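To start, the structure under review is shown below, and the notes come after it.
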Amino acid sequence: MILSFYGTRGSIPTPGPKTVKYGGNTACAVISQGDEFVILDSGTGIRVFGDELIKDQRPINILLTHHHWDHIQGFPFFAPIYQKGREINIYIPETSPRHDNAILSQMDESYFPVNYRQLPSNITLKKINQAKFDVAGFSIKCFPINHPNNGLAYIVSRDQKQIAYVTDNELFPEIHQTTDYEQLLTVLNDIDVLIHDGQYLDFELYEKHDWGHSSVEQALLLAEQCKAKKTFIYSHAPERTDDEIDACYERLSKLMPTTNFDFAKEGLQFDLSLLKEL
């Protein structure tokens with residue numbers, strides 16, 4: 001499997017000279033094997049991947065973690081939705097309140113010049129009502145995230161390799177807890193690749209507790225304790241500059257020399273076959 005990042009930023013897009021290295025687009029990752037792929041979230045990063053897909057007619061499958069705007073706002077600019085007859089399946093998590101068509105209703109009324117009812121593609125919304133299912137040759141497991149309005153994390157498996165996509169997840173919340181830390185350790189034990197929310201730093205948590213995000217330090221503690229082979233810190237804070245992320249990496253790589261981690265970068269690809277060499 002190959003993991004590709006198209007958007008790594010949390011909350012709001014952050015274009016500009018200070019975010020070039022790690023990227024300013026919001027959440028979107030792609031997991032592929034051969035000609036088959038699944039898309040994780042539909043933040044602004046999905047626009048770039050859509051341009052790559054425009055010349056073929058492969059079915060498209062999008063797994064949404066939740067409906068906060070930074071995870072759906074790229075969909076109106078996703079070129080395949082304007083292709084006649086293009087098959088697009090969107091897997092919808094249960095949220096509170098329930099809003100199954102949120103990704104489409106953002107193109108309703110005065111929000112967007114093209115109404116979703118005018119789209120020529122064949123879009124199917126599929127409610128997720130089971131913890132395990134298959135999509136495009138991949139085995140999918142899901143579990144609840146600790147985040148306001150709820151949502152899901154995903155473990156995508158194929159050929160005995162597993163990638164966990166756990167974004168917008170607060171590891172030690174006082175409210176919004178649906179999956180506790182011990183449960184996470186169990187479900188993520190020996191995971192090959194862990195993608196986990198690291199929007200904050202430890203010293204920032206005191207004023208952002210129960211906002212539904214974790215610190216980089218907490219995410220790396222999880223990675224170490226669940227024995228993840230490779231970890232990518234994800235959902236970077238909008239105010240976090242490239243230089244600040246670089247400094248954070250330098251500091252934490254010295255404190256945790258045995259933890260194999262990186263900060264997710266827009267445009268980065270990781271081939272899981274490399275894990276054999278680690």
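The values are calculated or read from the model by the stated rules, or taken from the named source; none is laboratory data. Note that the structure is a prediction, hence the values are computed from the model and not measured. Using ideal geometry, Cβ is built from the backbone for each residue, glycine included, and neighbour counts are taken over all protein chains shown.
Residue count for the stretch 219-237 satisfying the condition of being surrounded by fewer than 16 Cβ atoms within 10 Å (Cβ to Cβ) and either of a type outside the set (D, E, K, R) or in contact with a Leu (Cβ under 8 Å, 6 or more places away or on another chain) (or both): 1. List pairs: first in the stretch 6-35 and within 18 Å of ALA136 (Cα to Cα) and free of Cβ contacts under 8 Å to residues at least 40 places away in the same chain, second surrounded by fewer than 19 Cβ atoms within 10 Å (Cβ to Cβ) and hydrophobic (A, V, I, L, M, F, W, C), Cβ under 6 Å, 6+ apart or cross-chain? So the pair list comes out as SER32/ILE2. Take the stretch 248-273 and flag every residue that is assigned to a helix (DSSP H, G or I) and either of a type in the set (Gly, Ala, Ser) or surrounded by fewer than 11 Cβ atoms within 10 Å (Cβ to Cβ) (or both). Selection gives GLU250, SER253, LYS254, LEU255, SER273. Among all residues of the stretch 252-261, there is none that is touching a strand residue (DSSP E or B) at 6+ places or on another chain (Cβ under 7 Å) and in contact (Cβ under 8 Å) with a residue 60 or more places away in the chain. Restricting the stretch 1-29 to residues that are of a type in the set (A, V, I, L, M, F, W, C) and surrounded by fewer than 20 Cβ atoms within 10 Å (Cβ to Cβ), the residue that is farthest from the chain's Cα centre (by Cα) is VAL20. Hey, any hits in the stretch 71-81 for a residue that's modelled with pLDDT of 95 or more, out of contact with any Gly (no Cβ under 7 Å at 6 or more places or on another chain) and under 23 Å from PHE143 (Cα atoms)? Yes, the conditions are met somewhere in the stretch 71-81.
If the condition is being β-branched (Val, Ile, Thr) and outside any loop (DSSP other than H, G, I, E, B), then the stretch 103-141 contributes ILE103, ILE123, THR124, VAL135, ILE140.
Going through the stretch 222-247 one residue at a time, which ones are in contact with a helix residue (DSSP H, G or I) (Cβ under 7 Å, 6 or more places away or on another chain), part of a helix (DSSP H, G or I) and of a type in the set (D, E, K, R)? Answer for the stretch 222-247, where residues must be in contact with a helix residue (DSSP H, G or I) (Cβ under 7 Å, 6 or more places away or on another chain), part of a helix (DSSP H, G or I) and of a type in the set (D, E, K, R): just ASP242. Within the stretch 204-237, being modelled with pLDDT under 95 and either among the aromatic types (Phe, Trp, Tyr) or within 16 Å of LEU184 (Cα to Cα) (or both) holds for TYR206, TRP211, GLY212.
Considering ILE145, ILE140, the condition of being touching a Gly at 6+ places or on another chain (Cβ under 7 Å) and crowded, with 21+ Cβ neighbours inside 10 Å is satisfied by ILE145 alone.
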